[in-house]
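In what follows, a single structure is set out as structure tokens and then discussed.
The values are calculated or read from the model by the stated rules, or taken from the named source; none is laboratory data. Computed from a predicted model, the values in this text were never measured in an experiment. Note that we place each Cβ from the backbone using ideal geometry, even for glycine, and neighbour counts take in every protein chain shown. Heavy atoms of the whole protein, side chains included, go into the accessibility calculation; ligands, DNA and RNA do not. Shrake-Rupley method; radii C 1.70, N 1.55, O 1.52, S 1.80 Å.
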Amino acid sequence: MTSRTSSRLLRSLKARLYGTSATATSDSSAQLTKQAPRVTKLDNGLTVASLENNSPISQIALVVNAGSRFESYSDAGVTHFLRNATTLSTLNWLDTSLVRAVEESGGNLGCTGTREYMIYSAEALRNQLFETQTAEILRDVALNPLYDAWQVENGTVQQQMVIDIANMIGNPEIRLMEMIHEAAYRDTLGRSLYSPFYHVNKFQPDQLKGYHSKMFTNDRMALVGLGVDHDQLVEEGKAYVQGPNRGGSTVTTQKAVYHGDNLRLPSDEPMTHVAVVTEGPSLTSKDLYAVGVLQMIMGTGSYMKYSENTTVNRLGKGVGEAIKGNPFAASCINANYTDSGIFGFYLCAQAKDMDQGIKAAMNAFANVSKNGVTDEDVVRGKNQLMAAIGMNTEDSSNVLLDLGEQAISSSKITTSAEVLKMIDAVQTSDVTSVAKKVINGKPSMAAIGDLQVVPYLDELKK
């Protein structure tokens, strides 16, 4: 996570913005036709979606609706294990042969995860994904893992999991985001992206196979591509044969229920970190773009090097005046999911300043709820939101994930023009309305560091 906490969370807005810039050709005057995203639903239940962006690199990903929110208590951390098991042997490839084949093709293969999705991705030089065996390997890694006992138990995956957990523990911003989700939801969206340490060495082959066969069904998956021929991707999708263990999904998605709890972790961190949120809108809510504009108005960190960002940033200005020159970082949190979301603030400051800093942040939000926002605020917020979304989609992995999520949940891919139009249509009254709704909601709180003067959740409600 970067120092601007919101830059990671902006990704959760699920912006439907896709670049279609042309690559250079021998004829500098040649113009490549912009193409809209294409979606095809196959007879085997798999959805295939692609965007021809004329990139010199071709990328494909299998996006599976099988993230950590679907884990049970006894399975906690299983998706963390699966993410790190992409180099284990599969039905058709030995682990060493698999790695060698990908490297010899000049490609990359890996797996990442969110609370709702797992993403198996591969990339190579343009059109080499299908001419080499990279696409075939991706399919086998995602759908046909063996999880042989000797590989599951030899410690290779577990070592990487321990490193991941150590990195998370060593980064208080990441750890705080895990804690605030747990405080807000307990289970479902509160399930961590990281395995509990005590589970790392307890995963068994049957347990891994059971989760995989239950969750990896074609109706829960989308095969997506950037810089690939759609018809060629469709042919690859037809190879995702509906096997005996991949029939229609019988999984019932448990709705995320917002609770509003308080989690505190005393430590000797040099700075204290606090997050306070309420329930925000989901990805399907009509308030999605209005709350995105509100996030920009409240502030998402500095936009200029060495800037204190206390001039127009509501959150930064309020905290800066309260802390009076002492170091701090403040940013508005906005994370949206299919059936819920969280909205609030993150604050990092010296322990002695935390009481005043939190009160100032709360007052900044209360002031917006009481007095609303100005037309000038909304214009600035809309401009910043559109710019932030555009910059965020410079990372093709974000585009692949969003393309897959939309393909799974809808038969239509929202275009960039439609996104910009919806943002531009946000009115001052929309932002004021959503501000009253989310800011006056039931709060959740998480804190790490020296907590001597950090108020408890019930004290914030007074």
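Roughly how much of M271 is accessible, in Å² to the nearest 10, using a 1.4 Å probe?
About 50 Å², ignoring ligands and nucleic acids.
What pairs from K324/K382; K352/K442; K255/K412; K412/K442; K317/K421; K370/K421 go past 32 Å between their alpha carbons?
Details: K324/K382 30 Å; K352/K442 26 Å; K255/K412 24 Å; K412/K442 34 Å; K317/K421 30 Å; K370/K421 28 Å.
Flagged as over cut-off: K412/K442.
In nanometres, what is the gap between the two model label sites at K442 and Q427, each 7 Å from Cα along Cα-to-Cβ?
Between K442 and Q427, the label points sit 3.2 nm apart.
Evaluate Rg over Rh across region 115-193, taking Cα atoms for both radii and Kirkwood's formula for Rh. All intermediate terms of the calculation are to be shown ahead of the outcome.
On the way: Rg = 17.3 Å, Rh = 15.8 Å.
In region 115-193, Rg relative to Rh is 1.09.
Using amide H atoms built in the peptide plane, which far-off residues or other-chain residues are under 5 Å from S267 H to H?
G449, D450, L451
In what sequence, largest accessible area first, do K214, K324 appear using a 1.4 Å probe?
Ranked list, largest accessible area first: K324, K214.
Which part of region 146-170 falls in the paramagnetic zone of N201, meaning amide N under 12 Å from the point 7 Å along Cα-to-beta-carbon?
Zone members listed by number: 154-155, 158-159.
List the aspartates and glutamates whose Cα sits under 16 Å from the Cα of K461, skipping any in the same chain fewer than 8 residues away.
The qualifying aspartates and glutamates are D261, E279, D355.
³J(HN,Hα) across region 97-103 via Karplus (A = 6.51, B = -1.76, C = 1.60, θ = phi - 60°), whole Hz, x for Gly/Pro?
5, 4, 5, 5, 5, 5, 5
Using label points projected 7 Å from each Cα along Cα→Cβ, tell me how many nm separate S74 and S410, to one decimal.
The answer from the label model is 3.9 nm.
From zero outward in steps of 5 Å, how is the percent of C-alpha pairs of region 21-166 spread across the bins?
Spelled out per bin, shortest first, that is 2, 8, 14, 18, 19, 15, 10, 7, 4, 2, 1, 0, 0.
What's the angle, to the nearest 10 degrees (0 to 90), between helix 428-439's Cα axis and the longest principal axis of the chain?
Tilt relative to the chain: about 90 degrees.
Between helix 156-170 and the chain, what is the angle of the helix's C-alpha long axis to the longest principal axis, kept within 0 to 90° and rounded to the nearest 10?
Approximately 20 degrees, to the nearest 10.
Contour minus end-to-end for D395 and V251, with contour as 0.36 nm per residue of separation and end-to-end as the Cα-Cα distance?
On the way: separation 144, 0.36 × 144 = 51.84 nm, distance 3.17 nm.
Using 0.36 nm per residue and subtracting the Cα-Cα distance, I get 48.7 nm.
At a Cα cut-off below 17 Å, give the lysines reachable from K214, other chains included and same-chain residues fewer than 8 away excluded.
Leaving aside lysines fewer than 8 places away in the same chain, none come within reach of K214.
Work out, step by step, the length gained on full extension between E103 and T156: first 0.36 nm times the residue separation, then minus their alpha carbon distance; give nm to one decimal.
Gain on stretching E103 to T156: 17.1 nm.
Jot down the radius of gyration and Dmax of region 119-277, Cα atoms only, both in angstrom.
Both quantities, over Cα of region 119-277: 19.8, 56 Å.
Between A351 and A149, 0.36 nm times their residue separation minus their Cα-Cα distance comes to what? Let's see the in-between values first.
Values: separation 202, 0.36 × 202 = 72.72 nm, distance 4.81 nm.
This chain segment gains 67.9 nm when fully extended.
With a sphere of radius 12 Å drawn around the Cβ of V48, what net charge do the other residues whose Cβ falls strictly inside it have (Lys, Arg +1; Asp, Glu -1)?
With Lys, Arg at +1 and Asp, Glu at -1, the neighbours total -2.
Just reorder V378, V99 by solvent-accessible area, largest first, 1.4 Å probe, all chains present. Don't skip to the end; give the middle numbers.
Values: V378 5, V99 55 Å².
The most accessible residue leads, giving V99, V378.
Report, for the chain, the % of DSSP beta bridges that are antiparallel, rounded to 5. Before the final figure, lay out the partial values.
Values: 47 of 57 bridges.
DSSP beta bridges in the chain are roughly 80 percent antiparallel.
What Kirkwood radius, in Å to one decimal, follows from the Cα pairs of region 329-462?
This gives a value of 17.5 Å.
Once label points are set 7 Å from the Cα along Cα→Cβ at both A166 and S282, what is their separation, rounded to one decimal in nm?
Going from the A166 label point to the S282 one covers 4.0 nm.
Please report the relative contact order for region 329-396, taking Cα pairs under 8 Å with a sequence separation of at least 6, and give it as a percent rounded to a whole number.
18 percent
For the chain, compute Rg over Rh where Rg is the Cα radius of gyration and Rh is the Kirkwood radius from the inverse mean 1/r over Cα pairs. Before the final figure, lay out the partial values.
Details: Rg = 22.9 Å, Rh = 23.3 Å.
Using only Cα positions, Rg/Rh for the chain is 0.98.
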